[in-house]
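Derivation of every value follows stated rules applied to the coordinates shown; laboratory data play no part. Please read these numbers as outputs of a predicted model, since none were measured by experiment. Note that each Cβ is placed from the backbone with ideal geometry, even for glycine, and that neighbours are counted across all protein chains shown.
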Amino acid sequence: MLPQVIIIGRPNVGKSTLFNRLVGKKLALVDDQPGVTRDRRAGDAEIAGLKFQIVDTAGWEDDDAASLPGRMRQQTEMSLAGADVALMVVDSRAGITTLDQEIALWLRQQEVPVVLVANKAEGRGALPGIYECFQLGFGDPVPVSAEHGDGIADLFDSLWPILGEGEKLREAAEAIAKQEAKIARQHARDAAEDLGEEYVEEIVAGPLKLAIVGRPNAGKSTLINRLLDEERLLTGPEAGITRDSIAIDWQWHDPKADEAREIRLIDTAGIRKKSRITDKLEKMAVSDARHAIDFAEVVVLLLDATQGLEHQDLKIASMVLEEGRALMVAINKWDIAEDASGLFNGIRHALDEGLAQVKGVPLFAVSARTGKGLDTMLSAAFEIRESWSRRVPTAALNRWFDDALEANPPPAPKGRRIKLRYITQVGTRPPRFVIFGTRLDALPTSYERYLVNGIRRELGFEAVPVRVNLKSPKNPFV
Ligand code: GDP
Ligand code: GDP
């Protein structure tokens, strides 16, 4: 059930025009002649994601104020029953008439919240009429021009707090979330098709799809061989030479849980090596990584302890995060690292500085040669996949949201407070959120970062790349 918005006003103020504007179709008859009898018309409207049903009432066609009370009573049940808000429309050019006052008086006795709309507000000629509106006792009017489509975003601002209470807003927000999730699923399906893979929805079980990426000589092949415990990559079948990568399914014995866990490794480096392409290897590290990212849930960026963190490593790391994959960094060749703790802290610091998207990417010290640290790294890879796939229940999410806003309220640029109303998680893998509110285009990025960091730290997403979209009412008719 959509919330219902009812348009009320004397003839010729522009009710039908506003109705058409909001419904986006020419459904109602617009006529210059006052008193053209119309049926009550209903249509589905949407302003910037806020969906409602809008009803255009006939019923005040009779200009004679004296005969009005009877007619109004007649109309009460039909028009206002079930309405969540009434838009009382007046004509700013004509100013407030006796009939407007009668209607306002009557409306004030009703239960329904009223938003006063000063139509025909384009141009300076409308100003006196807009000021007159205050006498009706509904507070600030919302100046709009139904004909030109101006002021609809302001109308949204007024409607949202009313329709936005509780269930109604939730339904509207969830309808949008559903729509977004549908689009995201379609993207995932397309990507799977491109890779020639079967699309499976939101699996957390199934083999962990893990890619090891990094610059040449970081030790990727050695690491994979070590994990597989065989010389498979260098001596294996010719499969893959003409393709860019191969996938290897294997079982890792998880010593902590003492059980076998499925991992599907993607390897690009071993193949490169076999095909004896030695030039442009640096460049290929990036394109290989890109390829692996398409495939993987979790990507391990392998560094060489004797080389440290270089620009290209950050480039690969950023790419992984931009693609929304869970990223881990492992410093390899730890067996020959000098000043181990200085190195570790240096890389920790450089990663936090260099990766704007995520603070605290999981960092491990490993040795492909000795096998040190590999079990810890793999067990963390399973954990980060959990976070990456997690969905926070909407109620818990909004409890957190309310607390976050209370602890640090959004700013009020030029004295007008930015309103943040609701958050919903529209997707996982990576986790995606939408925040609904008004005037969000004025929200400083620092505040957005405050929220994103809060989601990560307080809702258990940690170093997973989290996406947050802001939904704000632009003028939807532009
Ligand atoms: P209703 O009787 O309240 O439904 O009014 P209508 O929608 O039929 O509009 C009455 C007249 O006002 C028509 O001639 C419209 O073109 C005109 N009108 C509606 N909205 C605007 C507006 O925003 N600006 C101006 N200047 N005229 C408008
Ligand atoms: P790739 O280009 O990333 O696949 O790197 P390779 O696996 O071919 O390794 C490059 C070189 O580093 C080889 O000489 C490896 O023996 C060596 N290497 C790889 N891992 C380690 C390690 O953990 N410790 C040491 N000391 N050397 C390593």
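Listing for the model above:
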quantity: Student exercise, region 394-471 dipole from Lys, Arg, Asp, Glu Cβ charges, in Debye to nearest 20; calculated: 320
quantity: Which of 445, 398, 464, positive extreme of dipole for region 394-471 (C-beta unit charges); calculated: 445
quantity: R0 of 45 Å, Cβ-Cβ distance residue 414-residue 258: FRET efficiency to nearest 0.05; calculated: 0.15
quantity: Computed over region 333-389, Cα set: Rg, Dmax in Å; calculated: 12.9, 37
quantity: Relative contact order (%) - criterion: Cα under 8 Å, at least six apart; region: region 334-426; calculated: 18
quantity: Gain on full stretching of the segment that runs from residue 341 to residue 323 - 0.36 nm per residue minus C-alpha separation; calculated: 3.4 nm
quantity: Rg followed by Dmax, in Å, when region 394-471 is reduced to its Cα trace; calculated: 12.0, 39
quantity: Student exercise, region 293-343 dipole from Lys, Arg, Asp, Glu Cβ charges, in Debye to nearest 20; calculated: 60
quantity: Average Cα contact separation per residue, region 394-471, under 8 Å, 6 or more apart, as relative contact order %; calculated: 29
quantity: Charge tally in the Cβ shell below 12 Å around residue 448, where Lys, Arg are +1 and Asp, Glu are -1, residue 448 excluded; calculated: +1
quantity: Virtual paramagnetic centre 7 Å along Cα→Cβ of residue 457, amide N under 15 Å, in region 337-381; calculated: 358-361
